[in-house]
1. Among the candidates VAL532, VAL476, which residue alone is modelled with pLDDT under 85, hydrophobic (A, V, I, L, M, F, W, C), open to solvent by less than 100 Å² (accessible area, probe 1.4 Å) and under 53 Å from the mean Cα position of the chain (by Cα)?
2. Could you figure out which of (1) in a helix (DSSP H, G or I); (2) of a type in the set (Lys, Arg); (3) at pLDDT below 85 isn't true of LYS239?
3. For segment 6-48, give me each residue that is open to solvent by less than 40 Å² (accessible area, probe 1.4 Å) and under 17 Å from HIS88 (Cβ atoms).
4. If the requirement is being part of a helix (DSSP H, G or I) and within 30 Å of ARG173 (Cβ to Cβ), which of these qualifies: VAL51, VAL71, VAL55, VAL38?
5. How many residues are among the polar types (S, T, N, Q), closer than 10 Å to SER202 by Cα and open to solvent by 10 Å² or more (accessible area, probe 1.4 Å) if we restrict to segment 148-192?
6. Can you pull out the residues in segment 506-522 that are within 24 Å of GLY701 (Cα to Cα) and assigned to a helix (DSSP H, G or I)?
7. Could you list, in sequence order, all residues of segment 208-223 that are open to solvent by less than 70 Å² (accessible area, probe 1.4 Å) and either of a type in the set (Gly, Ala, Ser) or outside any helix (DSSP H, G or I) (or both)?
8. Could you list, in sequence order, the residues of segment 488-500 that are free of Cβ contacts under 8 Å to residues at least 40 places away in the same chain, open to solvent by 100 Å² or more (accessible area, probe 1.4 Å) and touching a helix residue (DSSP H, G or I) at 6+ places or on another chain (Cβ under 9 Å)?
Amino acid sequence: MVERLEFTDGELRETQAIYAKVKSVIEPFLMKDDERKVRRHLMNSIECNQVRRDVFGLNPILFSLQSARIVVDEIGLKRDAVLAILLHPSVSGGFISVDEVKSEFGESVARILHGLQRISDLYSKNPVIESENFRNLLLSFAEDMQVILIMIASRVNLMRQIRDSDNIDSKSRVSEEAAYLYAPLAHKLGLYKLKSELEDLSLKYLEHDAYYMIKEKLSATKAARDKYIDGFIKPIEEKLTNAGLKFHMKGRTKSIHSIWQKMKKQKCGFEGIYDLFAIRIIIDTEIEKEKMQCWQAYSIVTDMYQPNPKRLRDWLSVPKSNGYESLHITVLGPEKKWVEVQIRTERMDEVAERGVAAHWRYKGIKGETGLDEWLTNIRNILETSDDLQVMDQFKMDLYEDEVFVFTPRGDLFKFPKGATVLDFAYHIHSKIGNSCTGARINDRVVPLREQLQSGDQVEIMTSSTQKPKLDWLNIVKTSRAKSKIRLALKETQVKEGLFAKEMIERKFKNRKIEIEESLMARLIKKLGFKEVSDFYKQISDGSLDVNTVIDKYLEIQARDAGQLADGPVRSAEEFNFQGEVEQKNKINDDVLVIDRNLKGLDYQLAKCCQPIYGDHVFGFVTVSGGIKIHRCDCPNATELRKRFGYRIVKAKWSGKGASQYSITLRIIGNDDIGIVNNLTSIISKDEKLTLRSISIDSNDGLFRGNLVVMIDDTSKLESLMKKLRTVKGVKIVERI
């Protein structure tokens, strides 16, 4: 027999204290006998062994009371939600049905419990929230919006309680769900305090080292940070006081999770995050003067410190859909550090801390009728978008076609949207632009084609060996940068052309070859150059060897003189061969061992990736029940694992036979005379290779084609590819 749930002394004391606290808040909303009936159900469920500790060893009765305190204190729910939370362990244990709850406590409590029970059933079937489960969760939300709020509170409570748990797997799963589902929900509902707690605790449990590294660094820099905040606040306080405003100010360090996300996004260390803290100016004023005094404070702050225009967030004129009102600006403070300043009133601050609940409390709504209106508003919030990403309904973009970026000294430059690092470099000086190799944006190294974003702090990197390139014209956005690049290219082209021409003439002279201008022109065209200047450019930068040019020149000269022998030697232009190949007898003793040494299963090799003996493979169970064998690097492998992971089986080759497999090779290279002969001769010389087909076409001096070959295994394939790469003119050989 299962032992009855026993309370420890500490659990008993905490249960009594929380019970008294919650009761004092919701007592005005309770109906006659509510408390007596709930106490009776709780005691009976304990006596009858209907409630037990969970996988973390948590006491379900105490856990329910802790969750109830969160929904009361942090969210503002009352009777129905609290009763549903307290009765949920009894309903889950089967001691009382939802219908019985309905008859004893009313339809609203029963409706909430039905939603919570659906969630419990869902978790019991599949403990990980996959996409299908996620949609099911959303369906339950429409039943009663209090369900979603209770879920958030319950998850916050669970994350608090599992701190010292040794159940690592369950702890990780709970933390991942908190970060993936519950934190975004809390954010969307304006429950920012709970959202931050969920994110921080998730990071603490999932990335322990990162969490404590940031926590320790925050502690180590606290004194310097406090000193900086005091120095920043003091002159603002004086100005606001002189303006006659009644206010108080406080500095707030960003959450550990927020700092970690910035570190990953900007790819920098803790020291590279400059806006670690925000300053909050909270004004005490009448509701009709709120906007005027907030904008007055904004004017005072921006007169003292240079603002970043892209980081202005005006939720005064149009509040967020969840009732959030505030004015956010980011300014360049002392020591060239960015500081976020939030300006709001006492009423707005309460809404920001407590979410939608506070918004409606300030409208004077009391009792369950007001709660219904509030919950209707929450439903509207959740229906404003198709997903649960953080979304501002009224996003203001004051500078849609412009971006504003800063130099390391804090100078502000304006560029058209889409401008790049290269535009910035040429804006500073032509020499800086011509030698630009990239930049550091917010202490992160980026290439010169990186697009600028408003608020970026840009430091250009240069190299004395860097030179302007023609494709730079496609990178820059501003006409100023384009004209400077064209001028630099023209100067460079003249120098390179003279240098290359002189080099060619010297090499030809050394080999005692007379240059014919008409023959050279044909050669340049044959090599695929439309402009002579491009030909000279490749000669000067070394990408085209002068000796190769001379060899090609002599080939054309010999052909014109009729010295090349007639025969099968030909170019690759529109070459096709479909061989009627007598396939070697297939001996199916290349055994595939599928999963746990199961042999003799019906399987086929997938046509999409054409696996052969020696490839790393896996099996995929088809609808018909057969198994298709795919390479692990098959283009479809990722999607199959993601969508149909339960149909994947292990597979490996075992027992080498004499089977041959069809594989396709893609070959790209220069269209040299005899290229086809050279390729096919390699295959024909190997008795163990059979050429099925070859299809090659040529365009502008380059050929691209496919070879289908029957081959034994991956070792033979690697050997063949290695030989094909040695053919003169071949640039790429790859398996399709």
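The values are calculated or read from the model by the stated rules, or taken from the named source; none is laboratory data. Note that the structure is a prediction, hence the values are computed from the model and not measured. For neighbour counting, all protein chains shown are included, and Cβ atoms are generated from backbone atoms with ideal geometry for every residue, glycine included. These accessible areas exclude ligands, DNA and RNA; they are computed on the full protein's heavy atoms, side chains included. Shrake-Rupley method; radii C 1.70, N 1.55, O 1.52, S 1.80 Å.
1. When all the criteria are applied, what remains is VAL532.
2. Of everything listed in (1) in a helix (DSSP H, G or I); (2) of a type in the set (Lys, Arg); (3) at pLDDT below 85, LYS239 misses just condition (3).
3. Listed by number, the residues that qualify are THR15, ILE18, VAL22, ILE26, ASP34, LYS37, VAL38, HIS41, LEU42, SER45, ILE46.
4. On the way: VAL51 fails: part of a helix (DSSP H, G or I); VAL55 fails: part of a helix (DSSP H, G or I); VAL38 fails: within 30 Å of ARG173 (Cβ to Cβ).
Within the list VAL51, VAL71, VAL55, VAL38, the selection yields VAL71.
5. Going through segment 148-192 one residue at a time, the tally reaches 1.
6. LYS507, PHE508, GLU517, SER518, LEU519, MET520, ALA521, ARG522
7. If the condition is that a residue be open to solvent by less than 70 Å² (accessible area, probe 1.4 Å) and either of a type in the set (Gly, Ala, Ser) or outside any helix (DSSP H, G or I) (or both), then ALA210, THR221 are the ones that fit.
8. Within segment 488-500, LYS495, LEU498 meet the criteria.
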